[in-house]
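Participant: Structure provided below as structure tokens; questions to follow.
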Amino acid sequence: MSQWTSHGLPERMDGLSFVDVGCWEGDICAEAVARGAASVLGIDYCTSPDLERTLSTSSFDFIQLDLLSEKALQLPEFDIVHSAGVLYHVENPLSFLYRLRKLCRFGGSIYVETTVAIGPTQEPVMLFHPRDSFDANPSNWWSPNEPCLIAMIEEVGLLDIEVTSRPECPSETKDFTMSRICVRGRVANTPTSISQKMLPRRPSYMPIAAGKGSRRPGGQP
Ligand SMILES: C[S@@+](CC[C@H](N)C(=O)[O-])C[C@H]1O[C@@H](n2cnc3c(N)ncnc32)[C@H](O)[C@@H]1O
């Protein structure tokens, strides 16, 4: 089954704009063009001869960019935002999800495919992979379990969250094992869905004695 189908992306893309974040060789972008998308953009901070080849035979645009860079804030909004195999490569997955959300217009959909940790708990947890402990790749940092991924996606303000590709192994195991998952969420039609954790902070969230060492035993700063 192609990545497109297994991630649950729409059969037809006519009239829709599409962005693939971490597009690598650009295959998903080329598929979006072939499925009739009105505009297609690939973003990646790397390029490769494979990407050059795909770009020469398809009609999508490519921007070499780190999604977490300040420049990325200038990108337009898209109907469908897709990112596969990137969440575990970023140091701050929640910031990455906020950036995906920023790329998506109200009413649009975001698809996030990632590694998922299957383990002994249904509490939201994120497994940290120090050094090159996961797949001998030092650029692999994090694997959320499914409840954690869904909670983070809710936190950035997505609705109607749905798992479009679920790991085949059991949902709970004695030790942590790794699998893959793809989740889709919709950006609400109003800005009110933005996380309550975003600034401005309200006075009620701050201790009266803030800055006077109130959090330390004995009041010592
Ligand atoms: C494991 S590859 C996945 C490629 C492809 N999406 C797939 O599913 O086969 C991760 C890709 O994400 C890119 N990437 C990682 N972090 C990124 C970031 N912050 N901004 C843009 N691209 C990023 C990498 O350069 C790499 O091409």
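The values are calculated or read from the model by the stated rules, or taken from the named source; none is laboratory data. All of these numbers come straight from a predicted model, not from anything done at the bench. No Cβ is skipped: glycine too gets one built from the backbone with ideal geometry, and neighbour counts run over all protein chains shown.
Participant: Suppose we filter 73, 94 for residues that are surrounded by fewer than 13 Cβ atoms within 10 Å (Cβ to Cβ) and of a type in the set (A, V, I, L, M); which single one remains?
Facilitator: On the way: 94 fails: surrounded by fewer than 13 Cβ atoms within 10 Å (Cβ to Cβ).
Going through 73, 94 in turn, just one is surrounded by fewer than 13 Cβ atoms within 10 Å (Cβ to Cβ) and of a type in the set (A, V, I, L, M): 73.
Participant: I would also like to ask the following. Go through (1) buried (at least 19 other Cβ atoms within 10 Å of the Cβ); (2) more than 20 Å from the chain's Cα centre (by Cα) and name the single condition residue 23 misses.
Facilitator: (2)
Participant: Additional query: List the pairs whose first member sits in region 54-70 and is of a type in the set (S, T, N, Q), whose second member is in a helix (DSSP H, G or I) and at pLDDT 95 or above, and whose Cβ atoms are under 6 Å apart, counting only residues at least 6 apart or on separate chains?
Facilitator: Here the result reads 54/30; 58/30; 58/33; 59/33, each pair linking region 54-70 to a residue that is in a helix (DSSP H, G or I) and at pLDDT 95 or above.
Participant: For region 62-93, how many residues meet the condition of being part of a strand (DSSP E or B), within 10 Å of the ligand (Cβ to nearest atom), more than 10 Å from the chain's Cα centre (by Cα) and not β-branched (Val, Ile, Thr)?
Facilitator: Final tally of qualifying residues: 1.
Participant: Go through (1) surrounded by fewer than 15 Cβ atoms within 10 Å (Cβ to Cβ); (2) near the ligand (Cβ under 10 Å from one of its atoms); (3) in a helix (DSSP H, G or I) and name the single condition residue 28 misses.
Facilitator: (1)
Participant: Would you confirm whether or not region 8-20 contains a residue that is surrounded by fewer than 17 Cβ atoms within 10 Å (Cβ to Cβ), free of Cβ contacts under 8 Å to residues at least 60 places away in the same chain and in a strand (DSSP E or B)?
Facilitator: yes
Participant: Any chance you could count how many residues in region 102-126 are under 25 Å from residue 81 (Cβ atoms) and either under 16 Å from the mean Cα position of the chain (by Cα) or part of a strand (DSSP E or B) (or both)?
Facilitator: To start, the set of residues in region 102-126 that are under 25 Å from residue 81 (Cβ atoms) comprises 102-117, 124, 126.
Now narrow it down to the ones that are either under 16 Å from the mean Cα position of the chain (by Cα) or part of a strand (DSSP E or B) (or both): 102-117, 126.
Summing the residues that are under 25 Å from residue 81 (Cβ atoms) and either under 16 Å from the mean Cα position of the chain (by Cα) or part of a strand (DSSP E or B) (or both) in region 102-126 gives 17.
Participant: Taking only region 155-174 into account, find how many residues are modelled with pLDDT of 90 or more and in contact with a Gly (Cβ under 8 Å, 6 or more places away or on another chain).
Facilitator: 7
Participant: Could you check how many residues of region 38-61 are over 27 Å from residue 15 (Cβ atoms) and outside any helix (DSSP H, G or I)?
Facilitator: Residues that pass the stated criteria total 4.
Participant: What number of residues within region 1-25 satisfy the criterion of being closer than 18 Å to residue 89 by Cα and more than 9 Å from the ligand (Cβ to nearest atom)? Give the derivation first.
Facilitator: First, the residues of region 1-25 that are closer than 18 Å to residue 89 by Cα: 20-25.
Keeping just the survivors that are more than 9 Å from the ligand (Cβ to nearest atom) gives none.
Result for region 1-25: 0.
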